[in-house]
Amino acid sequence: MNNLLPGLRKFSEHVFPQQQKLFESLSQGQKPHTLLITCSDSRIDPNLVTQTNPGELFVVRNAGNIVPPFGASRGGGEEAAIEFAIEGLGVSNIVICGHSHCGAMAALTGKANLDALPSVKKWLGHAQSTKKRMETKYNDFELHHVVEENVLVQAENLKTHPSVSASLSLGRTRIFAWVYSFETGSIAVYDPKLQRYLPSIEVREESEKDVSRFAI
Ligand code: ZN
C-alpha cells in the first residue's frame, strides 16, 4: 500500500489531466482492436510493451496464458471473455503472448513441486498437450521451447471456441502468436510459413509488406 496509494494520487492529479480527453472518450464505451491473452506474470505490462493506450487492448490473463479448449473449463472466465471480445466487441486481432522465464511453464515441465498448489496443478492440466508436443518434437524440455510451443497449442485451443472459429472463417479475426523476452525487451512473432518465431526487427520489415502472413 505504501507504493500503491501515492501512485493513485499521482495518477489522478498528474497523469489523468494530461490525457483527460482520452479518458472522457472511454467513458462513452470501448472499441478495442485486439484481444490479448497473456500470462499473469507481474513483469508483463501489455500497454507498455505494445505502446498502446487504455481502450485498445481487451486483456485476458492467467498463469501460463492458457486457453482451455471450448467446454473444458465448463464455461469458465476465459470462455466468457473470449466470446465477449469476439461477439460483443468485434476485435479484429487475437494475440496469445507467452514470455521468457514463465513460472507456469517451468512447473509444467516438472521443475517445481506443486503439492502445495493443487489449483495450479489442476489448471496446468489444460496445457498437457504442450507437454505431449514437447515429448514428440524435442529431446529436451528447454524452457524457451516449452513457452514457444505452449503459445501454439493455446492458439489451437482457441480455434475450438465457436465464436473464434466463426469469426476466422468469415475473415473478421486473425490469431497471432508472440513470445516476449524480458531480458531483451523484444517480442518474437511466429511465422507459420517458416514455422519458427522471428525476432521483432525481421517482423517489422515483413509486416510492412503483409502483416497477415503472421496470422496462424
Ligand atoms: Zn508466465
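The values are calculated or read from the model by the stated rules, or taken from the named source; none is laboratory data. From a predicted model like this one, the values you see are computed outputs, not experimental measurements. Here Cβ is always computed from backbone atoms with ideal geometry, including for glycine, and neighbour counts include all displayed protein chains. Heavy atoms of the whole protein, side chains included, go into the accessibility calculation; ligands, DNA and RNA do not. Shrake-Rupley method; radii C 1.70, N 1.55, O 1.52, S 1.80 Å.
Looking at residue 95, is it within 16 Å of the ligand (Cβ to nearest atom) and either surrounded by 19 or more Cβ atoms within 10 Å (Cβ to Cβ) or more than 27 Å from residue 140 (Cβ to Cβ) (or both)? For residue 95, the condition - within 16 Å of the ligand (Cβ to nearest atom) and either surrounded by 19 or more Cβ atoms within 10 Å (Cβ to Cβ) or more than 27 Å from residue 140 (Cβ to Cβ) (or both) - is met. Could you please let me know if residue 90 is touching a helix residue (DSSP H, G or I) at 6+ places or on another chain (Cβ under 7 Å), assigned by TED's automatic domain parsing to the domain that holds residue 167 and either within 16 Å of the ligand (Cβ to nearest atom) or within 30 Å of residue 16 (Cα to Cα) (or both)? It is false that residue 90 is touching a helix residue (DSSP H, G or I) at 6+ places or on another chain (Cβ under 7 Å), assigned by TED's automatic domain parsing to the domain that holds residue 167 and either within 16 Å of the ligand (Cβ to nearest atom) or within 30 Å of residue 16 (Cα to Cα) (or both).
Say we look at segment 72-87 and pick out the residues that are of a type outside the set (A, V, I, L, M) and in contact with a Ser or Thr (Cβ under 8 Å, 6 or more places away or on another chain); which of these is farthest from the ligand (Cβ to nearest atom)? Checking each candidate, the answer is 87. If you go through segment 200-212 and keep only what is surrounded by fewer than 11 Cβ atoms within 10 Å (Cβ to Cβ) and either at pLDDT 95 or above or farther than 26 Å from residue 41 by Cβ (or both), you end up with 205, 208, 209, 210, 212.
Here residue 61 fits the description: within 16 Å of the ligand (Cβ to nearest atom), in a strand (DSSP E or B), touching a residue at least 12 places away in the same chain (Cβ under 8 Å) and not aliphatic (A, V, I, L, M). Counting just the residues of segment 19-41 that are without any contact (Cβ under 8 Å) to a residue 60 or more places away in the chain and in a loop (DSSP other than H, G, I, E, B), which one comes out farthest from the ligand (Cβ to nearest atom)? Per the stated criteria, the residue is 28. Within segment 177-199, the residues that satisfy the criterion of being farther than 19 Å from residue 43 by Cα and open to solvent by 40 Å² or more (accessible area, probe 1.4 Å) are 192, 193, 194, 195, 196, 199.
Note on segment 188-216: residues that are of a type in the set (Val, Ile, Thr) and either closer than 23 Å to residue 86 by Cβ or not assigned by TED's automatic domain parsing to the domain that holds residue 67 (or both) total 3.
In this structure, residue 66 does not satisfy being crowded, with 16+ Cβ neighbours inside 10 Å, more than 19 Å from residue 122 (Cα to Cα), modelled with pLDDT of 95 or more and in the same structural domain as residue 166 (by TED's automatic domain parsing). Counted as qualifying within segment 104-169 are the helices (runs of 4 or more DSSP H) with 2 or more residues that are open to solvent by less than 50 Å² (accessible area, probe 1.4 Å), namely 128-137, 143-158, 162-169. The sole residue among 167, 100 that is in contact (Cβ under 8 Å) with a residue 40 or more places away in the chain, among the hydroxyl-bearing types (Ser, Thr, Tyr) and within 16 Å of the ligand (Cβ to nearest atom) is 100. On the given criteria, is residue 49 within 16 Å of the ligand (Cβ to nearest atom), open to solvent by less than 60 Å² (accessible area, probe 1.4 Å), more than 18 Å from residue 119 (Cβ to Cβ) and outside any strand (DSSP E or B)? In short, yes.
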